[in-house]
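Bear in mind these aren't lab numbers, they're just calculated from the coordinates by the rules spelled out. The model shown is predicted, which means the values in this text are computed figures rather than measured ones. Note: ideal-geometry Cβ built from the backbone for every residue, glycine included; neighbour counts use all protein chains shown.
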Amino acid sequence: MVLTKIRGQRSQLQQQWLHPEGTRTHHLVIDNLLPTDLCDAAYRAFPRDGNGFFRRKSFREKKSVSRNLRAYDPILSDLTFAIQDGRVVSAIADIVGFEQIEPDPKLYAGGLSMMFHGDFLNPHIDNSHDADRGRFRRLNLLYYVSPDWKLENGGNLELWNDSRSVAKTIVSAANRLVVMETNKTSWHSVSNVVVQQPRCCVSNYYYWAVSPDATEYFHVTSFTGRPEQRLRRLIGHVDNAARNALSRLFKLGRGKNLVNKSTP
């Protein structure tokens, strides 16, 4: 069903990708990816209180994540690995023009995420590589399942301009798949959740041995503040530099111990 949906909208999706509006970060949006009952079932499979999820809480972000797909209804692992199926990967690669991109069954930095009232994700660029630093992270695939999600709920994806002064908002609407590029300038964030309903998402990343800009580089997930958060921007600059230095020196990886233990 995922493959049929992608192939059926190939021309439209390619135009979205080639001509991004409101941001220079290339991206595409696929609505109504699956029948509604399957999307609803995926939402019900998330624990309402985030039980069993790892809680991240800092000036950078507040959210709950899990890569332990075996702990939940199989629909979540089925959905995750459907998006990693070789035919789906090839169809998306054809649309975006990336050759030989590969999914990540270990779900390094991917998997399941839940955001509750007051949770947020500040503007950031993703970790540049996979857990083994052998491939560059090139695509971020986000599938949202929380029913009746609206703009006013908060918890929406934001794609920023280079100076992080203006953002394009993409609502985290149920049954919506967003595919966005990740590189040195693909600053993005999630707005503060202002409702009691959890915002639930299934995340995947695709990787490629080829650098986005034909240069060799490495950086950890790097955060900054929003335009009005000047102090947080300063703290982020220092924090990013320190974590990058430590990661290069000691080969540390954020969340490497939280990878998926199950198999597709």
The number of residues in the range 99-113 that are of a type in the set (A, V, I, L, M) and more than 12 Å from the chain's Cα centre (by Cα) is 1
Contact list, first residue from the range 123-134 and more than 26 Å from ARG164 (Cβ to Cβ), second anywhere and in a loop (DSSP other than H, G, I, E, B) and β-branched (Val, Ile, Thr), beta-carbon distance below 9 Å, six or more apart or interchain, is ALA131/VAL259
Filtering the range 80-97 for residues that are within 19 Å of GLY8 (Cβ to Cβ) and buried (at least 18 other Cβ atoms within 10 Å of the Cβ) leaves a count of 9
Original post:
Looking at the range 56-76, is at least one residue more than 15 Å from CYS201 (Cα to Cα), crowded, with 20+ Cβ neighbours inside 10 Å and touching a strand residue (DSSP E or B) at 6+ places or on another chain (Cβ under 7 Å)?
Top reply: yes
Residue set GLY52, GLY22; condition touching a helix residue (DSSP H, G or I) at 6+ places or on another chain (Cβ under 8 Å), part of a loop (DSSP other than H, G, I, E, B) and not hydroxyl-bearing (Ser, Thr, Tyr); output residue GLY52
THR215 vs (1) within 30 Å of ALA93 (Cα to Cα); (2) in a loop (DSSP other than H, G, I, E, B); (3) touching a residue at least 12 places away in the same chain (Cβ under 8 Å); (4) not aromatic (Phe, Trp, Tyr): all pass except (3)
